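Following: one structure in structure tokens, then a few remarks.
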Amino acid sequence: MHDHIAHVFHQEAGRVVAALYASMRDFELVEDALQDAFVLALERWPRDGAPRNEGAWIMTAARHKAIDRLRRESVLNRKKADLKTRLEREQEEANVDADEIPDERLKLIFTCCHPALAKEAQVALTLQVLGGLTTSEIARTFLVTPTTMAQRLVRAKRKIRDAGIPYRVPPAGAIAERLDAVLSVLYLIFNAGYTALLGDNLIRHDLCAEAIRLARVLTLLLAKEPSLPEDAETLGLLALMLLHDSRRKARVTPDGALVPLEEQDRTRWDHQQIAEGLAILERALAMKAPGPFQIQAAISALHSRASSPAETDWTQIAVLYAMLSQVMPSPIVELNRAVAIAMAESLECGLSLLSRLEEADALSGYHLFHAARADLLRRSGKFDEACIAYTRALELCQNNAERAFFQRRLTEIGQQAR
């Protein structure tokens, strides 16, 4: 039951936080109330059973806990007194049903992505309050310590509160200046679900679905605004997420084990979703305004069109990664380009490029760098070096499905080396 409660709260947290913030405008109060509701659920659900409508129960409990917190404060200023009265009135008037809770998440994304905040703070804050990621998970995303990230998140929340940043989707003229940050947020939420940083499961389907849903809402918002042109990068991001997500059923075995791309049963890919992603990508590319999300979607499209690993156009993928490195240079892009070159040209070429990255020390703490290097070494028959690289990946990785895969590779290498 405790695992079930944790799962439900992960799924519902973003929606509850957004809905409560619409009334309270205080992140810390909302998050404290949600935590109080979680503790209450841990006390009551094992005893009484899970409620019929779990999302509505969480919303009601969190609202009550927020009111209780306001009541307990020794001194209430006028603003908080008015807020308490409004919340109590809403509670009396509301016939709370999970399906009737207003969807405030898009407003909350634009609030978190206000230009008054540093871009890194925008992304991190939205990942926490909407994506449901822990401070540790977000810290790993940005390659900083949890303490550093916790301090940044607190500062960002207080800046929103103290500056009175409005809670709304901004007017048309202001959307463009926040769009890059919003797209970055959606991309990182999706990635955090596509390969979870922590835990037993490789995929967090709730985060992937939420990122795709919000991307759809955003494309509709932009399409309905007559003063704004349809945005190619927004479409490119939606296409990218759809194409990646189409493989979810083939990425793990029934018992949750990771299945690498080349070993996946491609008949289990969602071909209807692939068709939708390809059509959206074509719309984006027709606008002739290329960007990093469209390039990544084009790479994913090449994988999606290949009916077998042997048919993958690695040469074109390497070219696209070279283009991506021009518009969005990063060590991770170079890592992916090196792997593509290894598959398109030779394993030695790929390993040479990885050696340069290793010398630069930009990815020494990134487990997928060591995993990629280990895979190329394994393919090259350099089993001793591959073993060392897989062991390093295993040490750095905190997702149990990935760890089990690396351990499996180590066992296979040990058998091949005999």
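The values are calculated or read from the model by the stated rules, or taken from the named source; none is laboratory data. Please read these numbers as outputs of a predicted model, since none were measured by experiment. All Cβ positions, glycine included, derive from the backbone under ideal geometry; neighbour counts span all protein chains shown.
For segment 270-320, what are the residues that are of a type in the set (S, T, N, Q) and out of contact with any helix residue (DSSP H, G or I) (no Cβ under 9 Å at 6 or more places or on another chain)? Residue satisfying the conditions is 272 alone. Restricting segment 220-239 to residues that are assigned to a helix (DSSP H, G or I) and free of Cβ contacts under 8 Å to residues at least 40 places away in the same chain, which is surrounded by the most Cβ atoms within 10 Å (Cβ to Cβ)? Going through the qualifying residues, I end up with 223.
The set of residues in segment 193-210 that are closer than 20 Å to residue 368 by Cα and small (Gly, Ala, Ser) comprises 193, 196, 199. Screening residue 274 on (1) β-branched (Val, Ile, Thr); (2) farther than 28 Å from residue 381 by Cβ; (3) touching a strand residue (DSSP E or B) at 6+ places or on another chain (Cβ under 7 Å) shows it passes everything except condition (3).
Exactly one residue among 247, 155, 216, 178 is among the basic types (Lys, Arg) and in contact with a Pro (Cβ under 8 Å, 6 or more places away or on another chain), and that residue is 178.
The C-beta contact set for segment 200-219 (first residue crowded, with 20+ Cβ neighbours inside 10 Å, second residue polar (S, T, N, Q) and assigned to a helix (DSSP H, G or I), distance under 6 angstrom, 6+ apart or interchain) comprises 218/234.
Looking at this structure, is residue 126 free of Cβ contacts under 8 Å to residues at least 24 places away in the same chain, within 22 Å of the chain's Cα centre (by Cα) and either closer than 22 Å to residue 366 by Cβ or crowded, with 20+ Cβ neighbours inside 10 Å (or both)? In short, no. Within segment 240-268, residues that are within 20 Å of residue 397 (Cβ to Cβ) sit with their Cβ atoms under 8 Å from residues that are outside any loop (DSSP other than H, G, I, E, B) and among the acidic types (Asp, Glu), at 6+ positions apart or across chains, in these pairs: 258/402.
Residue check: residue 250 meets all listed conditions (1) farther than 30 Å from residue 278 by Cβ; (2) out of contact with any strand residue (DSSP E or B) (no Cβ under 7 Å at 6 or more places or on another chain) but one, namely (1). Every residue in segment 23-51 that is surrounded by fewer than 16 Cβ atoms within 10 Å (Cβ to Cβ) and in a helix (DSSP H, G or I), please. Across segment 23-51, the qualifying residues are 28, 32, 35, 39, 42, 43, 44, 46, 47, 48. With respect to the conditions (1) surrounded by fewer than 17 Cβ atoms within 10 Å (Cβ to Cβ); (2) free of Cβ contacts under 8 Å to residues at least 40 places away in the same chain, residue 176 falls short on a single one, namely (2).
Here residue 153 does not qualify as in contact with a Cys (Cβ under 9 Å, 6 or more places away or on another chain) and either under 26 Å from residue 328 (Cβ atoms) or loosely packed, with under 14 Cβ neighbours inside 10 Å (or both). For first residues located in segment 131-158 and within 22 Å of residue 362 (Cβ to Cβ), partners that are part of a helix (DSSP H, G or I) and of a type in the set (Phe, Trp, Tyr) and lie 6+ apart or on another chain with Cβ distances below 7 Å form the pairs 149/142. Of the residues in segment 262-271, at least one is at pLDDT 95 or above, more than 19 Å from the chain's Cα centre (by Cα) and either aliphatic (A, V, I, L, M) or buried (at least 19 other Cβ atoms within 10 Å of the Cβ) (or both).
Take residue 282 and tell me if it is in a helix (DSSP H, G or I) and free of Cβ contacts under 8 Å to residues at least 12 places away in the same chain. Judged against the criteria, residue 282 is a match.
Applying the criterion of at least 3 residues that are of a type in the set (Phe, Trp, Tyr), at pLDDT 80 or above and farther than 17 Å from residue 24 by Cα to the helices (runs of 4 or more DSSP H) found wholly in segment 100-195 leaves 172-194. No other residue among 58, 67 is modelled with pLDDT of 85 or more and either on the phi < 0 side of the Ramachandran plot or assigned to a helix (DSSP H, G or I) (or both) apart from 58. Going residue by residue through segment 230-248, is there one that turns out to be over 13 Å from the mean Cα position of the chain (by Cα) and farther than 28 Å from residue 113 by Cβ? Scanning segment 230-248 turns up at least one residue that is over 13 Å from the mean Cα position of the chain (by Cα) and farther than 28 Å from residue 113 by Cβ.
Check segment 291-305 and report whether any residue there is loosely packed, with under 15 Cβ neighbours inside 10 Å and out of contact with any strand residue (DSSP E or B) (no Cβ under 8 Å at 6 or more places or on another chain). Yes, because at least one residue in segment 291-305 is loosely packed, with under 15 Cβ neighbours inside 10 Å and out of contact with any strand residue (DSSP E or B) (no Cβ under 8 Å at 6 or more places or on another chain). Taking the numbered list (1) among the charged types (D, E, K, R); (2) without any contact (Cβ under 8 Å) to a residue 60 or more places away in the chain; (3) under 18 Å from residue 128 (Cβ atoms) in turn, residue 25 passes all entries but (2).
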